[in-house]
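Worksheet: the structure to be examined is printed underneath.
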Ligand SMILES: Nc1nc2c(c(=O)[nH]1)N[C@H]1C(S)=C(S)[C@@H](COP(=O)(O)O)O[C@H]1N2
Ligand SMILES: [Mo]
């Protein structure tokens, strides 16, 4: 199997992220509702389970910016592009065109994607992994799946999607350096300003500690239950 540049295959699919989020867990695991905002409109709540958009299954590999990859996941859900056509397009005032989205998660994590990237056929709002309901580890109850983009664009515990007229900017200063507006895996867009080839070596040493921290937090959460 051939991997994208700089990636190393793992045999497991770890719970992962930025460590401040390791101890934050989702609630409302049975709900498939998200809040949606479009310009010049009130936020609306959409129940994904009630949409006409067909359910699909997509096979994909997962690539974290820190250089680990996990192969052969089957995600289940609806295509973002179908959701966009069914729910969003009719709510846009005439002449208005969307540039990008801000995705917001229950744990406070946020990320952005360009509209053209999020409307790609491979992008899902997913509620299943390998034929099972999404686990807490991998983003319950809903997660964005964008397999052509690094893991950090694949937001877990999705609670709100904002549609913006301008390319959204949510990270400034040092944090902006970690966040590429597109983060395409084939282009090795790991971050801004510094080449992906260099970032490989800065990120790789963080993997072990991060996996451990997320694992410990998950075990503590399960113990309290
Ligand atoms: N809500 C939320 N989504 C998130 C993160 C997070 O910390 N919180 N981390 C991101 C990063 S950096 C990665 S690599 C993937 C990890 O997904 P996994 O835990 O299913 O392996 O989730 C992404 N989405
Ligand atoms: Mo990541």
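The values are calculated or read from the model by the stated rules, or taken from the named source; none is laboratory data. Remember, predicted model here, so these are calculated numbers, not experimental data. In this analysis, Cβ positions are derived from the backbone assuming ideal geometry, glycine residues included, and neighbour counts consider all displayed protein chains.
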Q | Residue list for the stretch 171-186, filter: surrounded by 14 or more Cβ atoms within 10 Å (Cβ to Cβ) and in a loop (DSSP other than H, G, I, E, B) | A | 171, 179, 180, 181, 182, 183, 185
Q | Verdict on residue 141 being within 25 Å of residue 48 (Cα to Cα), crowded, with 19+ Cβ neighbours inside 10 Å, at pLDDT below 95 and away from ligand 2 (no atom under 14 Å from the Cβ) | A | no
Q: Check the stretch 174-186 and report whether any residue there is more than 12 Å from ligand 1 (Cβ to nearest atom) and under 14 Å from residue 67 (Cα atoms).
A: yes
Q. Do you know which of the residues in the stretch 126-138 that are assigned to a loop (DSSP other than H, G, I, E, B) and out of contact with any strand residue (DSSP E or B) (no Cβ under 8 Å at 6 or more places or on another chain) is nearest to ligand 2 (Cβ to nearest atom)?
A. 137
Q) Quick one: what pairs do we get from the stretch 1-17, first residue touching a residue at least 40 places away in the same chain (Cβ under 8 Å), second exposed (fewer than 14 other Cβ atoms within 10 Å of the Cβ) and outside any loop (DSSP other than H, G, I, E, B), C-beta under 8 Å, 6+ apart or different chains? A) 1/9; 3/9; 5/197; 6/197
Q | Residue tally, condition surrounded by 15 or more Cβ atoms within 10 Å (Cβ to Cβ), closer than 18 Å to residue 145 by Cα and within 16 Å of ligand 2 (Cβ to nearest atom), over the stretch 1-59 | A | 6
Q: Please indicate, with yes or no, whether at least one residue in the stretch 203-225 is within 14 Å of the chain's Cα centre (by Cα), farther than 30 Å from residue 47 by Cβ and either modelled with pLDDT of 95 or more or within 15 Å of ligand 1 (Cβ to nearest atom) (or both).
A: no
Q: From 213, 189, grab the single residue that is over 17 Å from residue 6 (Cβ atoms), surrounded by 12 or more Cβ atoms within 10 Å (Cβ to Cβ) and in contact with a helix residue (DSSP H, G or I) (Cβ under 7 Å, 6 or more places away or on another chain).
A: 213
Q. Restricting attention to the stretch 87-94, does a residue exist that is surrounded by fewer than 18 Cβ atoms within 10 Å (Cβ to Cβ), part of a strand (DSSP E or B) and either within 16 Å of ligand 2 (Cβ to nearest atom) or free of Cβ contacts under 8 Å to residues at least 24 places away in the same chain (or both)?
A. no
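Yes/no per residue for (1) touching a residue at least 24 places away in the same chain (Cβ under 8 Å); (2) assigned to a strand (DSSP E or B); (3) more than 9 Å from ligand 1 (Cβ to nearest atom):
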| position | (1), (2), (3) |
| --- | --- |
| 108 | yes, no, no |
| 113 | yes, yes, yes |
| 117 | yes, no, yes |
| 121 | yes, no, yes |
| 147 | yes, no, yes |
| 152 | yes, no, no |
| 163 | yes, yes, yes |
| 166 | yes, no, yes |
Q: Would you mind stating whether residue 74 is over 19 Å from residue 168 (Cα atoms) and outside any strand (DSSP E or B)?
A: no
Q) Would you pick out the residues in the stretch 95-106 that are more than 16 Å from ligand 1 (Cβ to nearest atom) and assigned to a loop (DSSP other than H, G, I, E, B)? A) 95, 96, 97, 98, 99
